[in-house]
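Worksheet for the structure shown next.
The values are calculated or read from the model by the stated rules, or taken from the named source; none is laboratory data. Predicted, not measured: the structure shown is a model, and the values here were computed from it. Cβ placement follows ideal geometry from the backbone for every residue including glycine, while neighbour counts extend to all protein chains displayed. Ligands, DNA and RNA are excluded from the accessible area calculation, which covers all protein heavy atoms including side chains. Shrake-Rupley method; radii C 1.70, N 1.55, O 1.52, S 1.80 Å.
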Amino acid sequence: MLAVRKFAVAAIVLSLGACSFSAQQDGPPPSSGSVIPPSRGEPGPEPRSKYGNPEFYEVAGQRYHVMKSSTGYRERGVASWYGSKFHGKRTSSGEPYDMYAVSAAHKSLPLPTWVRVTHLGNGRSLVLRVNDRGPFVDDRIIDLSYAAARELDMIGTGTALVEVEALAFGQPKTQGQIVDTSEVQGGGTSAPAPSEPLFLQTGAFSDANNANRQRQRLIDAGIAPAFVDLGASADDSVTLYRVRIGPIDSVADFDALQSQLRALGIDSARLVSVE
């Protein structure tokens, strides 16, 4: 019964969230020509929100599990943004959505979580607070507020290839401040420069024959250029043969390839840069 009650609460909260479904058209504020400085704040450790953190919840028949911790989270994929359609409505955490504040929605990170979002196309990076659930569309990994999207210069395109990294406190910049990624110590490698090529990695194998078989499968399905790139495991103990496709030049390329890969039963492809 506990699980049932959790689900019921999650369903109610998400129905009130800023990223819930509606026929109303979304977009920038009516007077988007006048620049409104984004709300600022100081990142820091926070307790989990009372709302928006069930063990799991369901939207449109799909189940999503909330992470127990954001520690070590880092992912590359597609970001979208949401604006006037949801302004003033309740987010999944219970806070009102403010399109002029730098914030975001994520399907599985605990609420709230502070993250650094880097636009892989222009190198701009932004520290913000995740306080909502979504986006529940295609392969998008994060939904940015209007102000956050404007700071990252992605209003016009609507989407962008990004890297999202949960913050380990001791290194965050002020919320809403554009960050020079070369100065940020986030653990692991820094985000790629805008000119650095991006690829979809469909697999990493310790056996070269297995890698070549997957590569040939991709080519036979008309997915090219596909190639095998030599690498190593995280502890350098194992040689890896990584199957990659690309370079990926746009969100449209990313979406098209993901659709082709799903048709082949490959649903674990991830966005990577040259290493």
### Query
Which peptide among 83-92, 206-215, 104-113 comes first, and what is the full order, when sorted by highest mean count of other Cβ atoms within 10 Å?
104-113, 83-92, 206-215
### Per residue solvent-accessible surface (Å²) - the range 95-154, probe of 1.4 Å
23
### Rg and Dmax of the range 102-175, Cα atoms only, in Å
11.4, 34
### Query
So what J values fall out for the range 87-94 if you push phi through Karplus, 6.51 cos²θ - 1.76 cosθ + 1.60 with θ = phi - 60°, rounded to Hz, Gly and Pro as x?
4, x, 7, 6, 7, 5, 7, x
### Task
Please give the net charge around residue 247, taking every other residue with its beta carbon less than 13 angstrom from that of residue 247, where Lys and Arg add +1 and Asp and Glu add -1.
-3
### Task
Step through the residues of the range 124-139 one at a time and calculate ³J(HN,Hα) from phi using the Karplus curve (6.51 cos²θ - 1.76 cosθ + 1.60, θ = phi - 60°), rounding each to whole Hz and writing x for Gly and Pro.
6, 9, 9, 9, 8, 10, 8, 9, 9, 9, x, x, 9, 9, 6, 9
### Query
What net charge is computed for the residues neighbouring residue 259, neighbours being all others with C-beta under 10 Å from the C-beta of residue 259, Lys and Arg scored +1, Asp and Glu -1?
-2
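Taking the Cβ-Cβ separation of residue 153 and residue 224 as r and a Förster radius of 25 Å, what is the calculated FRET efficiency to the nearest 0.05? Let's see the in-between values first.
Numbers: r = 31 Å, r/R0 = 1.26.
For residue 153 and residue 224, the calculated efficiency is 0.20.
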### Query
Using a 1.4 Å probe, how large is the accessible area of residue 157, given in Å² and rounded to the nearest 10?
100
### Query
Percent relative contact order of the range 58-165, based on C-alpha pairs within less than 8 angstrom and at least six residues apart?
38
### Message
Quick check on the range 193-275: take the gyration tensor over C-alpha atoms, sort the square-rooted eigenvalues as a ≥ b ≥ c, and tell me if it's rounded (a/c under 1.5), prolate or oblate.
### Response
oblate
### Message
Computing the accessible area with a 1.4 Å probe over protein heavy atoms, can you report the carbon and sulfur percentage for the range 88-142?
### Response
50
## Note on the structure
Here the net charge surrounding residue 226, from other residues whose Cβ is less than 12 Å away from its Cβ (Lys, Arg +1; Asp, Glu -1), is +3
